[in-house]
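Student: The following block contains the structure, expressed as structure tokens.
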Amino acid sequence: MTEIEIGRGKRGRRAYSLDDVAVVPSRRTRDPQEVSVAWQIDAYRFELPVLAAPMDSVMSPATAIAMGRAGGLGVLDLEGLWTRYEDPEPLLAEIASLDPASATRRMQEVYAADVQPDLIVERLRQVREAGVTVAGALTPQRTQQLWKSVVDAGVDLFVIRGTTVSAEHVSGRAEPLNLKRFIYELDVPVIVGGCATYTAALHLMRTGAAGVLVGFGGGAAHTTRTTLGIHAPMATALADVAAARRDYMDESGGRYVHVIADGGMGKSGDLGKAIACGADAVMLGAALARAVEAPGRGWHWGPEAHHQELPRGERVHVGTLGPLSEILEGPGRSADGTTNLVGALRRAMATCGYSDLKEFQRVEVVVAPYQPV
């Protein structure tokens, strides 16, 4: 692996974002209508390889249901406003109207309320009764405390999501979550992340996770690179984690762990490039926060934006483009890659001659940094 000399005492690998790479067509093309973008994890099959990020600006019980009916998977943030307040709508409206100078402080106040286990059960019940796949997310810090409420509520897929999640968290103040034991004792598939390196991903795969989330500080609402100096460009991270998946399959005798790109994919072209670099599916935040139905009302923020001690994100204005159905499957209303995301993925696969997602992971990719005009 080629390294670049930063100075006499430090060398580093060159890493690439999705903007730095491009997919190359092959000798064959296909009809886009004959391309399958279906994705299956464990016993659950989805017609769209899209998960909605567990963020209050993106997911409510109603939008999780709409996402499921559209063919994707909506993941509820079980530490968000919907599990802290009986009726969070006035607070969501207030957050959307906050002055930028006071937004972070006020959001910290709003999110200081305790998570109520009874509300976790109620929100997941709403989704389950709609007949769609039920998924909820907790941070590693809250999983030990709240997991039983989540499982008892009938969740189908359990997501453990943080800025970065490791299989070997060290703490002298409290017993850390033992992911391997936790996943082994749980009766539902677990998706865990984020991670961004070969070694971290391999360790998470060895815990028994059904899927790993790849990404760290690259989303629209993150300021992790500014506040912590940490960033992992998505194209390189996905390729590294895909290599870990391949090696883990050999090590485990054929067990396949799904790789899910999480963050930094605001345009339709990013979906195709993420899958070309090794992803099985993508988790979208800002792209879906632009939907008319999104609870953020044209604004987008993640849990890092209201951290009580060190905010590492911000509330950003993404605007409102149209219904969730148009953002996912069109028809597109502009040529900027913000609508008909899945239609664009289908066309990219067809243009390159591939009929399904697994095949498309083998497409040729070149380094071609994009220079916007």
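The values are calculated or read from the model by the stated rules, or taken from the named source; none is laboratory data. Please read all numbers here as calculations on a predicted model, not as lab measurements. Every residue, glycine among them, receives a Cβ derived from its backbone with ideal geometry; neighbour counts consider all protein chains shown. Note: areas computed on protein heavy atoms with side chains; ligands, DNA, RNA excluded. Shrake-Rupley method; radii C 1.70, N 1.55, O 1.52, S 1.80 Å.
Student: Going by what's in this entry, would Gln108 be described as within 16 Å of Asp56 (Cα to Cα) and either in a strand (DSSP E or B) or of a type outside the set (Val, Ile, Thr) (or both)?
Tutor: On the way: within 16 Å of Asp56 (Cα to Cα): yes; either in a strand (DSSP E or B) or of a type outside the set (Val, Ile, Thr) (or both): yes.
Against the criterion (within 16 Å of Asp56 (Cα to Cα) and either in a strand (DSSP E or B) or of a type outside the set (Val, Ile, Thr) (or both)), Gln108 qualifies.
Student: Follow-up question, since we're still on this one. Of all residues in region 250-263, which are over 18 Å from Val159 (Cβ atoms) and either out of contact with any helix residue (DSSP H, G or I) (no Cβ under 9 Å at 6 or more places or on another chain) or touching a residue at least 60 places away in the same chain (Cβ under 8 Å) (or both)?
Tutor: Asp250, Gly253, Gly254
Student: Within region 298-312, is there a residue that is among the basic types (Lys, Arg), modelled with pLDDT of 95 or more and under 28 Å from Ala237 (Cα atoms)? Walk me through how you get there before you give the answer.
Tutor: Taking region 298-312 first, the residues among the basic types (Lys, Arg) are 312.
So of that shortlist, the ones also modelled with pLDDT of 95 or more come out as none.
The answer is no, given that none of the residues of region 298-312 is among the basic types (Lys, Arg), modelled with pLDDT of 95 or more and under 28 Å from Ala237 (Cα atoms).
Student: Next question. Here are some residues: Ser60, Ser17. Which one is of a type outside the set (A, V, I, L, M, F, W, C), over 14 Å from Leu328 (Cα atoms), in contact with a helix residue (DSSP H, G or I) (Cβ under 7 Å, 6 or more places away or on another chain) and at pLDDT 95 or above?
Tutor: Working: Ser17 fails: at pLDDT 95 or above.
Going through Ser60, Ser17 in turn, the sole match is Ser60.
Student: Checking the condition among the hydroxyl-bearing types (Ser, Thr, Tyr), open to solvent by 20 Å² or more (accessible area, probe 1.4 Å) and out of contact with any Lys or Arg (no Cβ under 8 Å at 6 or more places or on another chain), which residue from Ser149, Ser60 passes?
Tutor: Ser149
Student: Do you know which of the residues in region 307-350 that are among the basic types (Lys, Arg) and surrounded by fewer than 19 Cβ atoms within 10 Å (Cβ to Cβ) is farthest from Val50 (Cα to Cα)?
Tutor: Among them, the one singled out is Arg333.
Student: Turning to a different aspect of this structure: Restricting to region 188-212, what's the tally of residues that are assigned to a loop (DSSP other than H, G, I, E, B), among the hydrophobic types (A, V, I, L, M, F, W, C) and closer than 19 Å to Pro233 by Cβ? Break it down stepwise before answering.
Tutor: Taking region 188-212 first, the residues assigned to a loop (DSSP other than H, G, I, E, B) are 188-189, 196-197, 207-210.
From what's left, among the hydrophobic types (A, V, I, L, M, F, W, C): 188, 196, 209-210.
Within this subset, residues satisfying the condition of being closer than 19 Å to Pro233 by Cβ are 196.
Result for region 188-212: 1.
Student: Still on this model: Here are some conditions: (1) in a helix (DSSP H, G or I); (2) at pLDDT 95 or above; (3) surrounded by fewer than 16 Cβ atoms within 10 Å (Cβ to Cβ). Leu124 meets all but one. Which one does it not meet?
Tutor: Among (1) in a helix (DSSP H, G or I); (2) at pLDDT 95 or above; (3) surrounded by fewer than 16 Cβ atoms within 10 Å (Cβ to Cβ), Leu124 violates only (3).
Student: Do any strands (runs of 3 or more DSSP E) lying entirely in region 1-54 carry at least 2 residues that are farther than 21 Å from Cys352 by Cα and open to solvent by 40 Å² or more (accessible area, probe 1.4 Å), and which ones are they?
Tutor: Numbers: elements: 3-7, 10-13, 21-23, 39-41, 44-46, 50-52.
Passing ranges, in order: 3-7, 10-13, 44-46.
Student: Another question about this same structure. Condition first: in a loop (DSSP other than H, G, I, E, B) and under 22 Å from Tyr354 (Cβ atoms). Now tell me which residues in region 261-285 satisfy that.
Tutor: First, the residues of region 261-285 that are in a loop (DSSP other than H, G, I, E, B): 263-267, 277-280, 285.
If the condition is that a residue be in a loop (DSSP other than H, G, I, E, B) and under 22 Å from Tyr354 (Cβ atoms), then Met265, Lys267, Cys277, Gly278, Ala279, Asp280 are the ones that fit.
Student: Mind listing whichever residues of region 351-373 are acidic (Asp, Glu) and open to solvent by 60 Å² or more (accessible area, probe 1.4 Å)?
Tutor: Within region 351-373, the subset acidic (Asp, Glu) is 356, 359, 364.
The answer is Glu364, and nothing else.
Student: Related question: Out of all the residues in region 63-93, which are of a type in the set (Asp, Glu) and buried (at least 20 other Cβ atoms within 10 Å of the Cβ)?
Tutor: Hits for region 63-93 are Asp77, Glu79.
Student: I need every pair where a residue in region 137-163 that is over 16 Å from Pro303 (Cβ atoms) and of a type outside the set (Val, Ile, Thr) has its Cβ under 9 Å from the Cβ of a residue that is assigned to a loop (DSSP other than H, G, I, E, B) and modelled with pLDDT under 90, sequence separation at least 6 or different chains.
Tutor: Note: pairs meeting the criteria are Gln144/Ala174; Gln144/Glu175; Gln144/Pro176; Gln144/Leu177; Trp147/Leu186; Phe158/Leu186.
For every residue, the table says whether it meets (1) modelled with pLDDT of 90 or more; (2) out of contact with any helix residue (DSSP H, G or I) (no Cβ under 8 Å at 6 or more places or on another chain).
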{"site": "Arg84", "(1), (2)": "yes, no"}
{"site": "Glu89", "(1), (2)": "yes, yes"}
{"site": "Asp114", "(1), (2)": "yes, yes"}
{"site": "Val159", "(1), (2)": "yes, yes"}
{"site": "Gly162", "(1), (2)": "no, no"}
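Student: Can you name every one of the helices (runs of 4 or more DSSP H) wholly within region 286-356 that holds 3 or more residues which are over 17 Å from the mean Cα position of the chain (by Cα)?
Tutor: Details: elements: 286-289, 324-329, 341-351.
Here the list reads 324-329, 341-351.
Student: Just name the residue that is modelled with the highest pLDDT out of those in region 221-236 that are part of a helix (DSSP H, G or I) and closer than 18 Å to Arg312 by Cβ. Quick ask: steps written out before the conclusion?
Tutor: Step one: filter region 221-236 for residues part of a helix (DSSP H, G or I), giving 224-228, 234-236.
From the residues that got through so far, the ones that are closer than 18 Å to Arg312 by Cβ too are 224-228, 234.
Working: Thr224: 63, Arg225: 65, Thr226: 68, Thr227: 68, Leu228: 71, Met234: 93.
Checking each candidate, the answer is Met234.
Student: For region 252-274, give me each residue that is over 16 Å from the mean Cα position of the chain (by Cα) and either over 17 Å from Val212 (Cα atoms) or among the aromatic types (Phe, Trp, Tyr) (or both). Working first, answer last.
Tutor: Applying the first criterion (over 16 Å from the mean Cα position of the chain (by Cα)) to region 252-274 yields 252-256, 269.
Residues satisfying the conditions are Gly253, Tyr256, Gly269.
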